[in-house]
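Data first, discussion second: the structure below is written as C-alpha cells.
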Amino acid sequence: MPGKLNLSAVELDTRDPLRGLLEEFVVDDCVYLDGNSLGRMPKGVPERLRQVSQTEWGMGLVTGWLQHRWIDLPARVGAQIARLVGAAADEVVVGNSTTVNLFNVTASALAVSLRRTIVTDEANFPTDLYVLEGLQRLLGDRLTVSRMPAEKILGAIDQNTALVLLSHVDYRTSTLLDMARITAATQAAGAMVLWDLSHSAGAVPVDLDACNADFAVGCTYKYLNGGPGSPAFTYVARRWQDRISPVVTGWLGHKVPFAFDPSFEPALGIRRMLVGTPEVLALSSLETSLAVFDRVSIQSLREKSLQLSEMFIAGLESRCAKHGFRVISPREPSRRGSHVAVAHENSYQIMQALIERRIVGDFRAPNLMRFGFAPLYQRYGDVETCIDALDEIMRTSAWAQERFSSRAYVT
C-alpha cells in the first residue's frame, strides 16, 4: 500500500482496476465523500423504477405479485445481500427499517433465553440504544440493559447476559470490531450476539457464517446504494431460525399468509422474520443497485477503501495538521471501517464551507467531520481535491463566515 500512495492521484485513478465501476453511477461535478450516509444512485435505477411503476404496477396492477414475483423480493434481495456479508442465501431477508428489525431480533432472541441482561456499547448508534430503552420500558425489571465502553464489554459478560448488541463499525470513529473474536468469547460465556452491519455491509469484508454469528441487521442506503429510506435486512443463522419466534408478528411472516388464519403460526426459516407487505418500489430499486456488486469482490473494494483513507489521512496530516485537525479513527488500517472521522472545534462550519464548494461529507455532534470512502465510485482525485479545499478554507478563514454557523436540522 505505501508504494501505491507514492503515486499521484491521476496515476492512481488511471491504474485503478475498479475505475470502470464509476460508469455505473449517476455522477456530476460534486466530490462526494458521504457514501457512509447515503450512497450514489446507480444508473439502472431510474429505468427500473419506471418499469415497475408504469408497466408492472401501472398496467399490471395486482397481478404483479405473481406475474412479476413481487412477493419474492424480500428473499430474492436478501440472497443478494447474503453473499456480501458471508451468509447463505436463506439466512437473510429484506424488509422494514433497521429500527424495527433491531427490536424484532432483540426481543425474539431474549424470548428464548433464561437470562435477562443485554450488554451494549455506550457509544453505539442512538437507534440501537433507543430500541433497548424501549424494550426496557416494556419489560420493566425483567430486563437489565448494561451500557459500557466497547473495550470493557467482554469482561462484563456473565451468567446473566442473554445478548450482546454491537455495531461492527462505530458510526462516529470508524473503529472496526473483531467479529470472530468477540462472537466466540460471547458464545463461550453462554450468550448470543447481534451485530449491526449498517456501516460495514458493502465496504468491509463480513463473514457472518464463518464467525458463527447468531444474528445481524443492517441498513441498505449507505454502501449498498439502495436509495434514501431503502428497507433494512435481517440475518438469522440457520440454527436459530426455527427456534426463535418473532415478537413483531405480521401476516407475511405467517406459515401460510393467504390462508388468513386468525392465529399466528410462524413460517419455516428466515421468512418468519418478515412483517408487513414488501416495499415493492424500494426493493426493486435496491435489487438493481446490488447488481453492481456482481462485478467486484468485497476484498478488492476493501483494498481500495483503505488506499483512499490512507491517502486522505496522509494528506490531512502533511498539509492541514497546522490547522488543528485531529484524526480520531484508528490509525491501524485493519481496525478502521470505510470512513475517517476528524475532530475540530469548528467542524460544523468547516463542513458547510466544504459543501458550498460541492465537496460533501457530513458533521456529527459535537465536533466531528466524517469523510466516507465508497470504493465503487470514489476517485483518488476526490481525496486530493478535498485536502486542497480544507487547506484553502483554513488558510483564508472562509469557514468563519456567519452563514456557516446556522445549524440545519439535518447535519
* **Cα long-axis angle, helix 73-82 against the chain (0 to 90 degrees, to the nearest 10)** => 50
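What whole-number volume per residue, in cubic angstrom, does the convex hull of the C-alpha atoms of region 161-235 give? Write down the numbers at each step before the final one.
Values: hull volume 6.7 nm³, N = 75.
Cα-based convex hull of region 161-235, divided per residue, equals 90 Å³.
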* To do: Return the sequence-ordered ³J(HN,Hα) values of region 213-228 in whole Hz as given by the Karplus equation 6.51 cos²θ - 1.76 cosθ + 1.60 applied to θ = phi - 60°, using x for Gly and Pro.
  => 4, 8, 9, 7, 9, x, 8, 10, 9, 8, 5, 8, 6, x, x, x
* Pair Arg239, Ala365: separation of 7 Å Cα→Cβ label points (nm) -> 4.2
* Keeping all protein chains in position, work out how much accessible area Glu122 exposes to a 1.4 Å probe, and write it in Å² to the nearest 10. => 100
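Go ahead and estimate [θ] at 222 nm for the chain from helices alone: -39,500 (n - 2.57) per DSSP H run with n ≥ 4, summed, over the residue count, rounded to 500.
On the way: 14 runs with 137 residues, N = 411.
One gets -9500 deg cm²/dmol as the mean residue ellipticity at 222 nm.
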* **Mean-position separation - Cα centroids, region 80-119 and region 233-261, in angstrom** => 11
* Structure fact -> Going residue by residue through region 25-40, the Karplus relation 6.51 cos²θ - 1.76 cosθ + 1.60 with θ = phi - 60° gives ³J(HN,Hα) values, rounded to whole Hz and with x marking Gly or Pro, of 10, 6, 10, 10, 7, 6, 7, 9, 10, 9, x, 6, 10, 8, x, 5
* Remind me, relative contact order of region 65-120 in percent, using alpha carbon pairs under 8 angstrom and six or more residues apart? -> 23
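Kindly flag which residue pairs out of Lys152/Lys322; Lys222/Lys304; Lys222/Lys255 have an alpha-carbon separation exceeding 25 Å in this structure. Write out the running numbers ahead of the final one.
Details: Lys152/Lys322 34 Å; Lys222/Lys304 17 Å; Lys222/Lys255 32 Å.
Table pairs above 25 Å Cα-Cα are Lys152/Lys322; Lys222/Lys255.
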* Gain in length, Ala400 to Leu114, computed as 0.36 nm per residue apart minus the alpha-carbon separation, to one decimal in nm? -> 97.3 nm
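How large, in percent, is the carbon and sulfur part of the accessible surface of region 167-210 at a probe radius of 1.4 Å?
Values: 660 of 1250 Å².
In region 167-210, the share of accessible area belonging to carbon and sulfur is 53 percent.
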* Asked: For region 300-374, taking Cα atoms only, what is the radius of gyration to one decimal and the Dmax to the nearest whole Å?
  -> 12.2, 35
* To do: Would you kindly derive the ³J(HN,Hα) couplings of region 115-123 from the backbone phi angles with the Karplus curve 6.51 cos²θ - 1.76 cosθ + 1.60 (θ = phi - 60°), listing them in order in whole Hz, with x for Gly and Pro?
  => 8, 9, 10, 10, 10, 9, 6, 5, 9
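Between Gln299 and Arg76, take the C-beta separation as r, use R0 = 25 Å, and let me know the FRET efficiency to the nearest 0.05. Can you show the working numbers first?
Details: r = 25 Å, r/R0 = 0.99.
So the FRET efficiency works out to roughly 0.50.
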* Compare the peptides 193-201, 55-63, 385-393 by average per-residue count of other Cβ atoms within 10 angstrom and give them in order, highest first. => 193-201, 385-393, 55-63
* **Rule-of-thumb Rg ratio for the chain [Cα; 2.2 N^0.38 Å; N residues]** => 1.02
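In square angstrom, what is the accessible area per residue of the chain with a 1.4 angstrom probe? Before the final figure, lay out each step's value.
Values: 17470 Å² over 411 residues.
Heavy-atom accessible area per residue stands at 43 Å².
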* Cα Rg, Dmax (largest Cα-Cα span) when computed across region 280-411, Å -> 16.3, 51
* Degrees, to the nearest 10: 179-188 long Cα axis against longest axis of the chain -> 40
* **Descending semi-axes in Å of region 342-411, equivalent ellipsoid built from Cα gyration tensor** => 20, 15, 10
* Label-point separation (nm) for Thr63 and Glu332, each offset 7 Å from Cα along Cα-to-Cβ? -> 6.1
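The values are calculated or read from the model by the stated rules, or taken from the named source; none is laboratory data. Note that this is a predicted model, so its numbers are computed, not measured. Positions of Cβ are backbone-derived with ideal geometry, glycine not excepted, and every protein chain shown enters the neighbour counts. These accessible areas exclude ligands, DNA and RNA; they are computed on the full protein's heavy atoms, side chains included. Shrake-Rupley method; radii C 1.70, N 1.55, O 1.52, S 1.80 Å.
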